[in-house]
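Notes follow the structure.
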Amino acid sequence: MRTKDEIREELLGELKSKGVRLTARAIEYEVDARFHWGRVVAEAEEFQRKHGSVRIEFIAAPDDVFCRKCREMNGRSLTIEELKKLDNKWACRCAVVMPDDQDK
């Protein structure tokens, strides 16, 4: 999994190539979002290698401003492939990697 420093360097390169300027806070929010999204995907892929198919389930944290998208996803269960297809990669801490019950 990539470090936040690696992600920050990549992001700054993207912004520079596009001529976009963001505040330091906006940059760090985007770095954090990409880091946590990568963590969920990496955790799911590792679990799948070791234990078989997995689902990523969303358990939203109520009243958290940054969890608006997670509240919309609350209760949904996705495969790794479905998760990767989502266009919006937000700073998710509400996704939990679980074994796929269908494997039993």
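The values are calculated or read from the model by the stated rules, or taken from the named source; none is laboratory data. Source: prediction; values computed, not measured. Counting neighbours? That spans all protein chains shown, and the Cβs are built from the backbone with ideal geometry, glycine included.
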Task: the range 1-46 - residue that is touching a residue at least 12 places away in the same chain (Cβ under 8 Å) and basic (Lys, Arg) and, of those, surrounded by the most Cβ atoms within 10 Å (Cβ to Cβ) - done: 34
Task: Matching residues, the range 60-85, being surrounded by 12 or more Cβ atoms within 10 Å (Cβ to Cβ) and modelled with pLDDT of 80 or more - done: 73, 74, 76, 77, 78, 79, 80, 82, 83, 84
- [ ] Return the pairs, sorted by first residue and then second, in which the second residue is assigned to a strand (DSSP E or B), the first residue lies in the range 71-82 and is at positive phi, the beta carbons are less than 9 Å apart, and the residues are 6+ apart or on different chains.
- [x] 75/57; 75/58
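Across the range 86-104, what is the total count of residues that are modelled with pLDDT of 75 or more and part of a loop (DSSP other than H, G, I, E, B)?
Start the filter on the range 86-104 by keeping residues that are modelled with pLDDT of 75 or more, which leaves 86, 94-101.
Right, trim to part of a loop (DSSP other than H, G, I, E, B) and you get 86, 94, 100.
So the answer is 3.
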